[in-house]
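Asker: Below are the structure tokens for one structure; questions will follow.
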Amino acid sequence: MLNFATARRALAVSVTALLMIPAASGTVQARPEPKAPREFVALGDVDRTIIQEMRYTTAHNFVGERIDGYRQPVCVLTRPAAQALHQAQRKLLRQGYSLKVYDCYRPQRAVDHFVAWAKDLDDQAMKAEFYPRVDKTRLFADGYIAEKSGHSRGSTVDLTIVKLPAKPTRPYRPGQPLVPCYAPQAERFPDNSVDMGTGYDCFDTLSHTLDPRVTSAQRANRLLLKGTLEDLGFTNLPEEWWHFTYKPELFPDTYFDFPVSRGSLSGRTA
């Protein structure tokens, strides 16, 4: 009886040890998500009047699906960049316009998603709208996709201007017919912004801010956006009329990877 009792106790100890292994492994694997530094804020907390249409939380983008790292449709930026946008908004409101942001801080995992998509030459589901005149094999060489993005440093924003009162826009329906992003405004996907000559994220030379082929009205709209933001410390990327970076950047050499969400801005200790 003594030997049987001893064996039973040994078996119980072994079973308990085995049951503890998955729990320990799970604890190791469940790493907490990184948080944003305290210098980051939600744009909506700085200016509630700026319209937000965060494209990468939807399927209406050049990839055709929600992008990794975009948990909530919230614009996150470094505080100086957000405050400068607030000043730009005040100027535009007096003229009957509003800013509308498409993308702000972008986590590195989202950039990695773009890179993986660009390397998959068979995935061209959104070509007809976003890059109809560009061969997908040229996306890296032509600078449309890169391994790193200034957006991940937190002071870069993609945006446009909307005439007030802002008209509602219908949501994108996956599978709907696609129209080239450089088509006339009445034909391309409806957007309540002023006519900039192309849609957002249009991989085409017509998106170059000072491209001479746009109409005088389209040029005036681009220059209104450019002039307003440059007066407040932003610089424009010449190849993209929508792309601006606030200078000096708080984090010129750091590429962050915290998710785009309210949670990334809460519970911060440093």
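The values are calculated or read from the model by the stated rules, or taken from the named source; none is laboratory data. Since this is a predicted model, take the numbers as computed values, not measurements. Backbone-built Cβ (ideal geometry, glycine too); neighbour counts: all protein chains shown.
Asker: Condition (residue is surrounded by fewer than 18 Cβ atoms within 10 Å (Cβ to Cβ) and either assigned by TED's automatic domain parsing to the domain that holds Arg55 or under 16 Å from Leu232 (Cβ atoms) (or both)) applied to the stretch 98-105: is it met by at least one residue? Steps first, please.
Answerer: First, pick out the residues of the stretch 98-105 that are surrounded by fewer than 18 Cβ atoms within 10 Å (Cβ to Cβ): none.
No, every residue in the stretch 98-105 fails to be surrounded by fewer than 18 Cβ atoms within 10 Å (Cβ to Cβ) and either assigned by TED's automatic domain parsing to the domain that holds Arg55 or under 16 Å from Leu232 (Cβ atoms) (or both).
Asker: Does Ala270 count as modelled with pLDDT under 95, farther than 30 Å from Asp135 by Cβ and not polar (S, T, N, Q)?
Answerer: yes
Asker: Here's another thing I want to ask about it. I need every pair where a residue in the stretch 221-244 that is at positive phi has its Cβ under 6 Å from the Cβ of a residue that is of a type in the set (Ser, Thr, Tyr) and in a helix (DSSP H, G or I), sequence separation at least 6 or different chains.
Answerer: So the pair list comes out empty.
Asker: While we're looking at this one, here's another question. If you take the residues in the stretch 181-211 that are of a type in the set (A, V, I, L, M, F, W, C) and touching a Gly at 6+ places or on another chain (Cβ under 9 Å), which one is surrounded by the most Cβ atoms within 10 Å (Cβ to Cβ)? Working first, answer last.
Answerer: Taking the stretch 181-211 as the starting set, the residues that turn out to be of a type in the set (A, V, I, L, M, F, W, C) are 181, 183, 186, 189, 194, 196, 202-203, 206, 210.
Right, trim to touching a Gly at 6+ places or on another chain (Cβ under 9 Å) and you get 181, 183, 189, 206.
On the way: Cys181: 25, Ala183: 15, Phe189: 17, Leu206: 17.
Among those that are of a type in the set (A, V, I, L, M, F, W, C) and touching a Gly at 6+ places or on another chain (Cβ under 9 Å), it is Cys181.
Asker: State all residues of the stretch 54-101 that are touching a strand residue (DSSP E or B) at 6+ places or on another chain (Cβ under 7 Å), more than 16 Å from Pro165 (Cβ to Cβ) and either at pLDDT below 95 or in a loop (DSSP other than H, G, I, E, B) (or both); if no residue qualifies, say none.
Answerer: Met54, Gly69, Arg71, Gln72, Pro73, Val74, Cys75
Asker: Taking into account only those residues within the stretch 139-159 that are closer than 25 Å to Asp195 by Cβ and touching a helix residue (DSSP H, G or I) at 6+ places or on another chain (Cβ under 7 Å), which is surrounded by the most Cβ atoms within 10 Å (Cβ to Cβ)?
Answerer: By that ranking, first place goes to Val157.
Asker: Moving to a separate point now. Within the stretch 224-234, is even one residue touching an Asp or Glu at 6+ places or on another chain (Cβ under 8 Å), part of a helix (DSSP H, G or I) and polar (S, T, N, Q)?
Answerer: Checked against the condition, which is being touching an Asp or Glu at 6+ places or on another chain (Cβ under 8 Å), part of a helix (DSSP H, G or I) and polar (S, T, N, Q), the stretch 224-234 yields no hits at all.
Asker: Mind checking which pairs have a first residue in the stretch 182-205 that is under 14 Å from Phe130 (Cα atoms) and a second that is of a type in the set (Lys, Arg), Cβ under 6 Å, 6 or more apart or different chains?
Answerer: Cβ pairs passing all conditions: Gly199/Arg188; Asp204/Arg133.
Asker: Consider the stretch 125-137. How many of its residues are surrounded by 14 or more Cβ atoms within 10 Å (Cβ to Cβ) and farther than 27 Å from Gln218 by Cα?
Answerer: Here the count works out to 2.
Asker: Just the residues that are part of a loop (DSSP other than H, G, I, E, B), modelled with pLDDT of 95 or more and over 22 Å from Arg66 (Cβ atoms), please, taken from the stretch 122-176.
Answerer: Pro132, Arg133, Val134, Asp135, Phe140, Ala141, Asp142, Gly143, Ser155, Leu164, Pro165, Ala166
Asker: Specify the residue that is nearest to the chain's Cα centre (by Cα); the eligible residues are those in the stretch 177-223 that are assigned to a loop (DSSP other than H, G, I, E, B) and small (Gly, Ala, Ser).
Answerer: So the residue we want is Gly199.
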